[in-house]
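What follows is a single structure, written as C-alpha cells, with notes after it.
Where a number appears in this text, it was derived from the coordinates with a stated rule and is not lab data. Since we're looking at a predicted model, the values are computed, not measured. Positions of Cβ are backbone-derived with ideal geometry, glycine not excepted, and every protein chain shown enters the neighbour counts.
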Amino acid sequence: MSDDLSPPGYDVPAVEAWMADHVAGLTPPLKWTLLAGGHSNLTCSLEDAAGRMAVIRRPPMGELLPKAHDMSREWAVISALGPTPVPVPAALGFCEDTSVTGSLFYVMGFIDGHPLYTADDTRQWVPEAMRPRLAHSFIDVLADLHALDPDEIGLGDLGKRDSYIARQVKAWYRSWNASVGPAGFDDPRAHELQAYFLTHLPDSGQARVVHGDYGLHNCLTGSDCAIAAVVDWEISTLGDPLADLAYAINWWPDPGDPPAPLRDRATTVPGFPTRTELRDRYAARTGRDLSHLDYYVAFNRWKTAAINHGVYARYMEGKKTTEGVDLEGLKSSVDLSLTFAEQALARLDV
C-alpha cells in the first residue's frame, strides 16, 4: 500500500464534504491511503485525527462494461449480510450522486486483516499450525452464506433464480470463441465440454447468494487466523451454491494432484487440509448431497480455461503489457485446466 494525498478517481474535498454529512463516526480531514489489490476498483483506507478508520471504494476510471464494477451490488450485499453470520465490513455510507467524484462509491468499515494471494502471503500471516483453523473458517463461512434464504435477508432480487449454470456456460463459451482469433489457438475440448455441460444440466434446487469469486484473495484473514471478512462482492448473484463451492475448493490440492498451473497460490503451502477434507466438512455442515460435485468442478475448470484463454488473447493483441509475464505458462494453464475438467467428468462417470 502507499500513501497518496490525491488518490486517483477521488475529488478528496468533495468526498470528505459528502462524508461529513452522511457517514457517522469519521471526522474529516482524513488521511487517504491507496490500497493494492481489490481488483481494479479504486480502494483507499481512510483515517481521521482520532485514529478511526474506514475504507472507500469506487470503480476504475474510464469506460466500463455494463454491470462491471457494480458498487450498488456490493453495497446491497454487505448491507444485507451485516446482521448474518457471514462476516463482512460494516456498511457506512453509499453515494449515488456521481457529481461528487464522477462515480458511485461507498464507505465501509475497516477490517484489520489481510487478503492472501500467494504462498508468501500465507507464510507471512498464517503460521503452519494455524492453517487448519483458517481453512475450516474459510469453508464454514461459505456454508453459512449458502444457508441464508435470499428473500429473508432482502436479496431476493440480486439475480435471476433459474438456469444459473446454463447462463454461465453460454457466457464463457462466447468468451472462448471471441478469444480464438486473437489468442491464435483453439482446443476442441472446450467445445466438447460446453456441449456436455448444457446437455447434463443439474437440478440446482433453491437459489442462494453466490459470491462468484470466493477465495482467500477475496477474504481478509484476521490475527486469529480466521476469516475476518469477505469482500469484493461485485459479481455476486443468485445461483447454484455447488458452483460456488467447487470454485472455492479447486484452489486447495489433494494428494496426488499434478502441479498446479499457478504454483505459488496461497493454498499450496504445507499445513492445510485437503480439498476432499474441505468438501466433506461443507457436506457435514450443510447436509447437501455432493455426489455430483465433480460436474461443478469440471465446469469451473473449464471456466478457468476460458478466463485464461481470454487473458492470453488480450496479451497477444497488445492490450496488456507482457513484461514479466510467463506467456507460455499462461497458455499451458489453459490446456491443464481443460485436462482437469475432463478428469473431473471421468470421476463422475465411474
- Rounded to the nearest 10 degrees, the helix 71-81 long axis (Cα) sits at an angle to the longest Cα principal axis of the chain of 90
- Query: How high is the relative contact order of the stretch 119-349, given as a whole-number percent (alpha carbon pairs under 8 Å, six or more residues apart)?
  - Reply: 29
- Message: Can you sort 233, 302 from fewest to most other Cβ atoms within 10 Å of each residue's own Cβ?
- Response: 233, 302
- Query: Which one is right for this structure if percent of Cα pairs over 26 Å apart is calculated from it: (i) 77; (ii) 46; (iii) 54?
  - Reply: (iii)
- Note on the structure: Per GNM of the chain with C-alpha springs under 10 angstrom, the most fluctuating residue out of 113, 205, 215 is 205
- Is the stretch 115-215 best put as rounded, prolate or oblate by its Cα gyration tensor, with a ≥ b ≥ c the root eigenvalues, rounded for a/c under 1.5, and otherwise prolate when a/b is larger than b/c, oblate when not? oblate
- Note on the structure: Counting lysine pairs in the chain that sit 8 or more positions apart or on different chains, with Cα atoms under 16 Å apart, gives 5
- Note on the structure: Each label sits 7 Å from Cα toward the beta-carbon; between residue 328 and residue 98 the label points are separated, in nm, by 4.6
- Choice from 243, 14, 80 showing the highest fluctuation, given a GNM over the chain with Cα pairs closer than 10 Å: 14
- In whole Hz, with x marking every Gly and Pro, tabulate ³J(HN,Hα) for the stretch 272-287 from phi via Karplus 6.51 cos²θ - 1.76 cosθ + 1.60, θ = phi - 60°. 8, x, 7, 4, 5, 5, 5, 4, 5, 5, 4, 4, 5, 6, 9, x
- Query: With contacts defined as alpha carbon pairs under 8 Å and 6 or more residues apart, what's the relative contact order of the stretch 2-109 in percent?
  - Reply: 25
- Query: Where does helix 293-316 land angle-wise versus the long Cα axis of the chain, in degrees 0 to 90, nearest 10?
  - Reply: 70
